[in-house]
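Novice: Just dropping this structure here.
All of the numbers you see were taken from the coordinates with simple rules; none came from a lab. Every value quoted in this text rests on a predicted model; they were computed, and no experiment measured them. With ideal geometry, Cβ positions are generated from the backbone for all residues, glycine too; neighbour counts draw on all protein chains shown.
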Protein chains: 2
Amino acid sequence: MEKKNITVAGAGLVGSLLSIYLAKKGHDVTIYERRPDMRKADISAGKSINLALSDRGWKALAGAGIGDEIKEVAIPMHKRVMHAVDGTLTDQAYGNEGQAIYSVSRGGLNALLMDLAEKHGVKVNFDKRCTSINMDEAIASFKDYNTGEKETVNSDLILGADGAFSAVRNTMQRTDRFNYSQEYIKHGYKELNIPPNADGTHKLERNALHIWPRGEFMLIALPNMDGSFTCTLFFPFEGKDSFSTIKTEEDVLAFFNKTFPDAVPLMPTLVEDYFGNPTSSLVIIRCFPWAHQDKVCLVGDASHAIVPFYGQGMNSGFEDCTIFGEMMDKYGDDWTTLLDEFQKERKPNTDAIADLAMRNFVEMRDLTADPTFLLQKKIEKRFSNKYPDKWLPLYSMVTFSHIPYAEAHAEGKRQDKIMEEVMAMPNIADKWDSQEVEDKMLSLL
Amino acid sequence: MEKKNITVAGAGLVGSLLSIYLAKKGHDVTIYERRPDMRKADISAGKSINLALSDRGWKALAGAGIGDEIKEVAIPMHKRVMHAVDGTLTDQAYGNEGQAIYSVSRGGLNALLMDLAEKHGVKVNFDKRCTSINMDEAIASFKDYNTGEKETVNSDLILGADGAFSAVRNTMQRTDRFNYSQEYIKHGYKELNIPPNADGTHKLERNALHIWPRGEFMLIALPNMDGSFTCTLFFPFEGKDSFSTIKTEEDVLAFFNKTFPDAVPLMPTLVEDYFGNPTSSLVIIRCFPWAHQDKVCLVGDASHAIVPFYGQGMNSGFEDCTIFGEMMDKYGDDWTTLLDEFQKERKPNTDAIADLAMRNFVEMRDLTADPTFLLQKKIEKRFSNKYPDKWLPLYSMVTFSHIPYAEAHAEGKRQDKIMEEVMAMPNIADKWDSQEVEDKMLSLL
C-alpha cells in the first residue's frame, strides 16, 4: 500500500482516533488543532456535556487497540433513575444484565487519545487556525494564534475532523451543488454540578444516569470518577419556563426548589454555576457530499453534528473511524472510491441517528415520567428476552449493537406500530406479562 | 421621520427597487455592487433565465411609481402552449380574459431599476466586494475589484440584497442560533436560443410561454422583444437522460431530434449554445432570522432563494419591497420592530412559495402533458368563473392576487382534496361541465 501524507484538521475525539487508524496503516499523519493543547490548559469552560460511551464507541476504540486503558476511567451506568417532583425514584434498566453505557470525561478521553496518537507517530500542532483550503490540490493554510505566522501545508489528503463549525466544510459550502443545513433547536443547555461527599463517595447512586424529566425540559446528571456528578439543564431559550425568564438569583432558587426539589440540597454552588457557566446552544448539522475526489473528506461532527439526547454523538463519530478503517482494508490505494463509498455508507446512517436523537429528547424529558411508556418498555423487554432473535428494542439496537442506524430506525418504526396495537389492548396494565399479549405480538410480527 | 444612512449590498432587481422605496421615504441610500455596471458591460453570460412578471411584481413596481415604463418592454403571455413529441400543440390559459404573466429581460429590467434609483438620489458603487460585516455596529467592509482598495462604511442600517450567495448572510451564518440551509435540486439548466425570423417576427406564437414537458425534464421558451425566444432546458445532472450522458455533438442532435423534434429546426445554433453556455445549478436557500436588531436585514434571494418554476422568484423579492414599504409606514422610526415584523410577516410566506415552486416543477415538466390534469384544471376554472368568491385556482392566487403565499398554499391543499374526490367520479371526462359535478363541488366546499 502506498504511504500517504495526510493532514487532519482537528485534534478532537474523532480527529485523534482517526489519526491512530491512519498511522497504524503506515500513513504519515499531521494534525492541526485550532485550540491550545488541552493537556496543558483547562479549556472546558463549563460546557463539557459528559459523554456516554456505548458499544459503537468501544468497538472503534478496540479497533485502534485502546479500549482497555479507557475502561479504567469509565463509569458503567446500567440504568436510568428518574426523579419525580415528589422525590420518588423509578429505575429503568438500559439493557440486560451486564449491559451498560459508560460515563467518561470528554477532556480525559481526548487527552488520552492525543497521547496515543503521538505514540503512533502522529504529529499534533496546536493553536493553528485553518484559514483556507484548496480542495483540488489538497493544500491547507493555517495561521498560528500566538505568532500570527501563516503556513501552507501540501498533502495528499485532508480530513476535516474539525467539528460542527468546521473550517474545512466552510470551504466546501462555497462549491457548487453542496447541500448544507445548520438547524438550532429551541432548547439550550447549562452545566451545573453535584460535588462528592466529604469521603469522596457519590451523593446519588453511582452507576446510573439520573434524569429529572419535566415535560418541556429536563435536568440530567452523569457520574464522574472523583465522586461528583456533572449535571446538565436542557431548557428552552424562550417561553414561560426558559433561560429568558429565569434571570435573578431568586428566580433560580424558586424555580429549582419548585421543579427539582431533591436536587437543590445536592448543589451548593447552584446559583454560582447557573450564572457563571455559559448558556450553550444545540445544533444539528447535515451536509453532502462529504468527499471531494481523493483530496478532501469530512468526518464526525463536521459532517453530521447531532443533539446529545441518544448519547450517540461521539459514538457515531467513532463509528466513522471503524467504517473508515474497513474502507481502507477494502479499497487500498483507490482513495477516490474509498472516500466515496465511505460517504455513501455513512450518510443515511448519520441522518438516521440525527432523527433518532431528536426523538429521544422527547422520550427523556417527557415520556420517562409516563407510566404507560414505562409499561410499554417493560413489555418489549419481556418479549425481547424470550424471543431475542425476533425483537431487539430500539434503544438496544442503537446502543448495544452495530446494526446500521438507518436499519435500526426502520425496525424501530415497525416496532412502534406493533406496540401501538398492543398498548390498545383492554386492561393491558393487568395482563402485560400474559400469554395473550405474547401471542398478540407474535401475530403482529 | 428620522433620516437614516442606509447601505444596501447588491444592485440586483431587489436591491435596486428597495433602494427606490427607501430614497422616496427620504433616506440616504448607497448601494455597493460586487459586479461591474451591467449598463456598460454585458455580463449575462448565457444564464439569464427570462423573468415572468406577475401581479405581485407589478404592485411593487407601481408602489415605486415605475410600472408603466416597464410595461412597454414586457410581453404578455396569456397561456402555456404545450408541445407534444408528435408536434401537437395544446393551449392552457393562465387565467381569465385579459390576465397574463409578462416576459421581461432580466438585464433590461435591472438596468432600468438602477437608472431610476440613481434618479431618486441613490448612489451606486460597482466592483465592490463585501468582505466583512460588523453586525452590532452596522459597519460593512468592501474591497474594490479593480484597485484592490479596501473601504469601511459606517451606516445606520445594512440591507443585504446580495442574492443567493449573500456575503451579508455569510456573516450572519457564523452567529449563534442562525438557522440556514442551502439545498441543490437534482436538475440544472442550460440556456438555448430561438432567433427571430428574417422580418423580426417570432418563430412561435408570441404571447405565450412554450413548454415541451417530458416527464423528468422539460424545455421552455419565453418571448423577447427582438423576436427571439430564450429557451431553457431543465435537465437532471445525473441519470439516463442527463447532462452527464449528453456529451457529444451527436448526442445533442440525437437527443433533441428524438425528444424535441419540432424545436430543432427553430434552433440553428443549438449545438454551439449547448456547449458554449454553462450548465447552471438550482438552489433553494432558507434561513432565519433575517434581521439583527435595527442594524442588519436580509431581503430577496439572500434570505429566500427559490427554484424558478412558479415564476415567483423575482415577484416574491419585489413583494418584500411592498411589505417593507408598508412596515416603514406602520413603524416609522422604530427600526428594531420594523425589521422584526418584516421578517415575521415574510418568513412563512417565502417558505410557502419555496415549496409551491418545487411542486410546480412536477406540474410543468410532467402534468401539463397529462389529459387528466388538464381536465381537472378545466373543471376548476369553470367552477371558479361561476363562483369566483368560493374558488380561486391556486395558480391564480399565486400569480394574479396578493393573498399571502402561505394562505394560498393552505387553500390549495384544501382544493386538492376536493378535486381528488371530483376526479374520482365515474365518467368525469364526459360530465365535467354538468350540474352534478358542480353540486358535488359545492357540497365539498
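Novice: Which residue, chosen from B:316, B:297, B:270, occupies the Cα position most advanced towards the positive end of the dipole of segment B:270-328, where the dipole is computed from +1 (Lys, Arg) and -1 (Asp, Glu) charges on Cβ about the Cα centre?
Specialist: B:297
Novice: With a Förster radius of 51 Å, plug the Cβ-Cβ distance of residue B:431 and residue A:427 into 1/(1 + (r/R0)^6) and report the FRET value to the nearest 0.05.
Specialist: 0.45
Novice: Which order do A:166, A:181, B:443 fall in if you start with the one that has the fewest other Cβ atoms within 10 Å?
Specialist: B:443, A:181, A:166
Novice: To one decimal in nm, how far is residue A:329 from the same spot in the other copies, if labels go 7 Å from Cα toward Cβ? Please give the shortest first.
Specialist: 7.1
Novice: Less than 14 Å Cβ to Cβ from residue A:306, Lys/Arg counted +1 and Asp/Glu -1: what total charge do the surrounding residues give?
Specialist: -1
Novice: Tell me the distances, shortest first, between residue A:239 and the same position across the other copies, using label points 7 Å along Cα→Cβ, in nm to one decimal.
Specialist: The answer, with the shortest distance listed first, is 4.0 nm.
Novice: Taking the Cα centre of segment B:161-275 as origin, work out the dipole magnitude from +1 charges on Lys and Arg Cβ and -1 charges on Asp and Glu Cβ, in debye rounded to 20. Numbers along the way, then the final one.
Specialist: On the way: 11 positive and 16 negative charges, 90 e Å.
It comes to approximately 440 debye.
Novice: Right, next: Note the full-extension length gain between residue A:179 and residue A:147 as 0.36 nm times their separation in residues minus their Cα-Cα distance, in nm to one decimal.
Specialist: Using 0.36 nm per residue and subtracting the Cα-Cα distance, I get 7.9 nm.
Novice: Treat the count of other C-beta atoms within 10 Å as a stand-in for reagent exposure and order A:389, A:127 from fewest to most.
Specialist: Fewest to most other Cβ atoms nearby, the residues stand as A:389, A:127.
Novice: Further question on the same structure: Would you tell me the mean number of C-beta atoms belonging to other protein chains that fall within 10 Å of each C-beta in A:169-182, as a whole number? Kindly include the intermediate steps, with their values, before the conclusion.
Specialist: Numbers: counts 0, 3, 0, 0, 4, 2, 0, 6, 9, 4, 7, 6, 7, 7.
Mean shielding by partner chains, rounded to a whole number: 4.
Novice: Report, ordered by chain and residue number, the aspartates and glutamates lying within cross-link reach of residue B:4, taken as a straight Cα distance under 12 Å and ignoring same-chain residues fewer than 8 apart.
Specialist: The reachable aspartates and glutamates, counting only those whose Cα sits under 12 Å from residue B:4, are B:28, B:156, B:294, B:333, B:334.
Novice: Can I ask one more? When chain A is turned about an axis onto chain B, which of its residues keeps its C-beta closest to that axis, and how many Å is it?
Specialist: That would be A:181, 2, residue then distance in Å.
Novice: For a test of the definition: using alpha carbon positions, the gyration tensor, and the 1.5 limit on a/c, classify segment B:62-133 as rounded, prolate or oblate.
Specialist: Cα axes put segment B:62-133 in the prolate bin.
Novice: Residue farthest toward the positive end of the dipole of the protein assembly as shown, with Cβ of Lys/Arg at +1 and Asp/Glu at -1: which of A:189, B:58, B:1?
Specialist: The residue sitting most towards the positive pole is B:1.
Novice: Whole-Hz ³J(HN,Hα) for each residue in segment B:375-385, computed from phi via Karplus 6.51 cos²θ - 1.76 cosθ + 1.60 with θ = phi - 60°, x for glycine and proline: what do you get?
Specialist: 4, 4, 5, 5, 5, 4, 5, 4, 5, 5, 5
Novice: Could you give me the ³J(HN,Hα) list for segment A:87-99, computed from phi with Karplus coefficients 6.51, -1.76, 1.60 and θ = phi - 60°, whole Hz, x at Gly and Pro?
Specialist: Whole-Hz 3J(HN,Hα) from phi for segment A:87-99: x, 4, 10, 10, 9, 9, 5, 6, x, 8, 2, x, 8.
Novice: Give me the dipole magnitude in Debye, nearest 20, for segment A:370-444 about the Cα centre, with unit charges on the beta carbon: positive for Lys and Arg, negative for Asp and Glu.
Specialist: 140
Novice: If one takes the longest principal axis of the Cα atoms in chain A, at what angle in degrees, from 0 to 90 and to the nearest 10, does the Cα axis of helix A:435-444 lie?
Specialist: It works out to around 40 degrees.
Novice: So what is the relative contact order of segment A:313-445, in percent, for Cα pairs below 8 Å that sit 6 or more residues apart? Please report the intermediate quantities before stating the final value.
Specialist: Working: 62 pairs, mean separation 27.5, N = 133.
Result for segment A:313-445 is 21 percent.
Novice: Arrange the peptides A:69-75, B:60-66, B:413-419 so that the one whose residues have, on average, the most other Cβ atoms within 10 Å appears first.
Specialist: Ranked by mean Cβ neighbours within 10 Å, highest first: B:60-66, A:69-75, B:413-419.
Novice: Sort all Cα-Cα distances of the protein assembly as shown into consecutive 10 angstrom bins from zero, then give the percent of pairs in each bin up to the one containing the longest distance.
Specialist: Result, from short to long distances: 2, 10, 17, 20, 21, 16, 10, 3, 0, 0 percent.
Novice: With 32 Å as the limit, write out which pairs from A:79/A:295; A:344/B:417; A:190/B:344; A:413/B:240; B:79/B:258 have Cα-Cα distances beyond it, or answer none.
Specialist: Working: A:79/A:295 44 Å; A:344/B:417 38 Å; A:190/B:344 29 Å; A:413/B:240 34 Å; B:79/B:258 26 Å.
Table pairs above 32 Å Cα-Cα are A:79/A:295; A:344/B:417; A:413/B:240.
Novice: Each residue of segment B:228-244 in turn: what ³J(HN,Hα) in whole Hz from Karplus with 6.51, -1.76, 1.60 and θ = phi - 60°, glycine and Pro shown as x?
Specialist: Running phi through 6.51 cos²θ - 1.76 cosθ + 1.60 with θ = phi - 60° gives 8, 10, 8, 9, 9, 8, 9, 8, x, 6, 10, x, 4, 9, 7, 4, 6 Hz.
Novice: If the chain between residue A:127 and residue A:442 were fully stretched, how many nm would it gain, using 0.36 nm times the residue separation less the Cα-Cα distance?
Specialist: So the chain would gain 107.5 nm between residue A:127 and residue A:442.
Novice: Compute the Cα gyration tensor for segment B:370-444, then decide on rounded, prolate or oblate, letting a ≥ b ≥ c be the square roots of its eigenvalues: rounded whenever a/c is under 1.5, prolate when a/b is larger than b/c in the other cases, and oblate in all that remain.
Specialist: Note, shape of segment B:370-444 comes out prolate.
Novice: Once both axes come from the Cα atoms, what is the angle between helix A:405-423 and the longest principal axis of chain A, in degrees from 0 to 90, rounded to 10?
Specialist: 10
Novice: Oh, and also: For B:346, B:106, what's the fewest-to-most ordering of other Cβ within 10 Å of each Cβ?
Specialist: B:106, B:346
Novice: What residue among A:215, A:317, A:200 has the largest mean-square fluctuation in a Gaussian network model of chain A, using Cα springs under 10 Å?
Specialist: Evaluated over chain A, the most mobile residue of the options is A:200.
Novice: Can you check what the net charge comes to around residue B:414, using other residues whose Cβ is under 14 Å from the Cβ of residue B:414 (Lys, Arg +1; Asp, Glu -1)? Display every interim value, and only then the final one.
Specialist: Numbers: positive: B:390, B:413, B:417; negative: B:380, B:407, B:411, B:416, B:420, B:421.
Local charge sum for residue B:414: -3.
Novice: Provide an ascending nm list, one decimal, of label-point separations from residue A:26 to the equivalent residue in each further copy; define each label point as 7 Å from Cα along Cα→Cβ.
Specialist: With the label placed 7 Å along Cα→Cβ, residue A:26 yields 7.9 nm.
Novice: Ok, one more. From Cα pairs below 8 angstrom and at least 6 apart in sequence, can you work out the relative contact order of segment A:183-281, rounded to a whole percent?
Specialist: 36
Novice: Using the basic label-point model (7 angstrom from Cα toward the beta carbon), what is the residue A:71 to residue A:331 distance in nanometres?
Specialist: That separation, rounded to one decimal, is 3.3 nm.
Novice: Given axes a ≥ b ≥ c from the Cα gyration tensor, I'd like to know whether segment B:287-445 is rounded (a/c under 1.5), prolate (a/b larger than b/c) or oblate.
Specialist: prolate
Novice: Let me check I've understood the local charge: for residue B:376, count other residues with C-beta under 12 angstrom from its C-beta, Lys and Arg +1, Asp and Glu -1. What total comes out?
Specialist: -2
Novice: Which of the residue pairs B:386/B:431; A:150/B:128; B:24/B:330 have a Cα-Cα distance greater than 25 Å in the structure shown?
Specialist: As for pairs spanning more than 25 Å Cα to Cα, those are A:150/B:128.
Novice: Here's another thing I want to ask about it. Measure of size requested: the Rg and Dmax of chain A, with Cα atoms as the atom set and Å as the unit; please supply both.
Specialist: When restricted to Cα atoms, chain A yields Rg and Dmax of 22.9, 73 Å.
Novice: Between residue A:91 and residue B:242, how high is the FRET efficiency from 1/(1 + (r/R0)^6) when r is the Cβ-Cβ distance and R₀ = 45 Å? Nearest 0.05.
Specialist: Computed FRET efficiency for residue A:91 and residue B:242 comes out at 0.20.
Novice: A follow-up question, please. Of B:235, B:376, B:178, which is farthest towards the positive pole of chain B's charge dipole, taken about the Cα centre with +1 and -1 on the beta-carbons of Lys, Arg and Asp, Glu respectively?
Specialist: The one lying farthest along the dipole's positive direction is B:178.
Novice: Using +1 on the beta carbon of Lys and Arg, -1 on that of Asp and Glu, and nothing else charged, what's the dipole of chain B about the Cα centre, debye to 20?
Specialist: Dipole about the Cα centre, nearest 20: 260 debye.
Novice: Can you give the relative contact order of chain B as a percent, counting alpha carbon pairs under 8 Å and 6+ residues apart?
Specialist: 18
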